[in-house]
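Student: The structure's right below; bear with me while I get my questions together.
All of the numbers you see were taken from the coordinates with simple rules; none came from a lab. Just so it is clear, the model here is predicted, and its values are computed rather than measured. Counting neighbours? That spans all protein chains shown, and the Cβs are built from the backbone with ideal geometry, glycine included.
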Ligand SMILES: NC(=O)c1ccc[n+]([C@@H]2O[C@H](COP(=O)([O-])OP(=O)(O)OC[C@H]3O[C@@H](n4cnc5c(N)ncnc54)[C@H](OP(=O)(O)O)[C@@H]3O)[C@@H](O)[C@H]2O)c1
């Protein structure tokens with residue numbers, strides 16, 4: 001298929017090549033492939049807001065789905081898309097809350113979806129597909145953090161089920177609409193919390209190891225980054241590109257499971273690293289990944305502060321960059337297959353033999369989990 005036909009209205013600039021330079025991070029003993037994780041110096045940064053990312057660009061005619069697009073970072077993501085002219089479908093598990101939060105926004109539709117319940121995902125996707133619309137932008141934003149141990153009907157731990165597997169199923173079910181857009185983008189909200197834990201293929205649902213809510217969150221956020229990487233390898237032939245995002249530290253209801261004291265110490269620990277972002281700033285990297293022409297021709301990359309994040313080694317002391325276990329295409333493929341097994345959902349698209357985002361091999365020491 002002619003690639004020029006796959007470009008959507010916000011893809012209007014030539015591709016850029018990204019140089020790979022991972023040499024200084026090489027450490028034995030495990031050899032893996034890695035992604036083009038080199039900042040492009042976008043001109044934006046940590047304090048950029050979603051509106052500033054868009055500038056004067058219009059998104060009229062674009063249809064977007066933003067999960068959890070009615071609270072925190074997602075609410076501001078919806079607002080920015082709506083103000084730029086996009087139609088935004090917001091699937092909500094608490095519809096009254098969503099209607100109240102989104103009141104007065106133009107072209108915003110509240111739908112029903114609970115990512116913890118597989119049947120609810122299928123039902124929402126079927127309704128969307130039934131509308132015969134193309135889906136230009138899918139922002140897999142909804143999430144929970146630090147939840148007590150619970151598992152869904154499939155036996156999947158709640159943070160993994162909500163943050164990763166529910167979105168995996170949703171994306172796969174919406175695939176025909178994404179293809180129809182002939183140039184769509186999918187954004188997966190990850191987190192710098194991915195640095196806490198690689199995906200544990202031996203015991204992802206904490207059946208044999210003690211439950212740790214932070215390890216579970218970190219695992220789910222590593223899964224989000226790996227998901228975007230594997231998805232991009234499958235979507236590129238159809239013009240579907242995928243990105244993962246750390247939005248920054250934003251004070252939202254995401255901390256709802258944390259006791260007061262834990263919230264206080266988490267906020268001061270985050271502030272010691274950098275000032276907290278507003279929700280408008282938190283939404284900026286999602287909007288950048290979903291719409292910016294600066295990312296044309298790219299995908300499968302982890303972004304933060306409106307730029308491509310740097311690849312950093314496992315033991316990197318600073319809370320930024322993408323760790324090796326969240327940018328490894330071999331792990332991404334393994335997780336993809338596991339996710340297919342868990343959900344029973346497969347895409348007709350096969351992975352490209354060598355994902356376009358893969359450019360080099362490096363070595364790293366696997367993380368030591370506490
Ligand atoms: N805030 C941060 O500092 C931060 C940092 C790094 C990454 N992130 C990531 O950014 C994303 C957004 O976080 P946020 O801070 O904006 O959180 P938030 O304010 O708590 O919003 C999360 C949204 O997800 C929805 N949601 C949760 N479980 C759901 C389910 N089972 N089905 C459908 N929707 C569900 C929530 O709906 P209800 O309100 O109805 O429960 C809410 O609308 C998350 O993926 C998070 O991991 C946030």
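Student: List pairs: first residue in the stretch 178-197 and assigned to a helix (DSSP H, G or I), second residue within 9 Å of the ligand (Cβ to nearest atom) anywhere in the structure, Cβ distance under 6 angstrom, at least six positions apart or on different chains.
Tutor: These pairs meet every condition: 192/246; 193/217; 193/221; 194/221.
Student: Residue by residue through the stretch 71-117, note down the ones that are more than 21 Å from the chain's Cα centre (by Cα), within 9 Å of the ligand (Cβ to nearest atom) and part of a strand (DSSP E or B).
Tutor: Across the stretch 71-117, there are no qualifying residues.
Student: Given the conditions (1) farther than 18 Å from residue 343 by Cβ; (2) part of a helix (DSSP H, G or I); (3) touching a helix residue (DSSP H, G or I) at 6+ places or on another chain (Cβ under 7 Å), report the number of the one that residue 232 does not fulfil.
Tutor: (3) is the only condition that residue 232 fails.
Student: Looking at the stretch 94-109 only, could you name the residues that are touching a helix residue (DSSP H, G or I) at 6+ places or on another chain (Cβ under 8 Å) and either more than 20 Å from residue 144 (Cα to Cα) or exposed (fewer than 14 other Cβ atoms within 10 Å of the Cβ) (or both)?
Tutor: Listed by number, the residues that qualify are 102, 105, 106, 107, 108.
Student: Being touching a helix residue (DSSP H, G or I) at 6+ places or on another chain (Cβ under 7 Å) and within 12 Å of the ligand (Cβ to nearest atom) is the filter here, so list the residues in the stretch 118-127 that pass it.
Tutor: Within the stretch 118-127, 118, 121 qualify.
Student: Going through 68, 74, 85 one at a time, which residue ends up being surrounded by 17 or more Cβ atoms within 10 Å (Cβ to Cβ), on the phi > 0 side of the Ramachandran plot and in contact (Cβ under 8 Å) with a residue 12 or more places away in the chain?
Tutor: 68
Student: Is it true that some residue in the stretch 228-235 is under 20 Å from the mean Cα position of the chain (by Cα), in contact (Cβ under 8 Å) with a residue 24 or more places away in the chain, crowded, with 18+ Cβ neighbours inside 10 Å and within 14 Å of the ligand (Cβ to nearest atom)?
Tutor: So far as the stretch 228-235 goes, yes, one or more of its residues are under 20 Å from the mean Cα position of the chain (by Cα), in contact (Cβ under 8 Å) with a residue 24 or more places away in the chain, crowded, with 18+ Cβ neighbours inside 10 Å and within 14 Å of the ligand (Cβ to nearest atom).
Student: A further question follows. Take the stretch 135-164 and flag every residue that is within 12 Å of the ligand (Cβ to nearest atom), within 24 Å of residue 289 (Cα to Cα) and either assigned to a loop (DSSP other than H, G, I, E, B) or without any contact (Cβ under 8 Å) to a residue 12 or more places away in the chain (or both).
Tutor: Selection gives 141, 142, 143, 144, 145.
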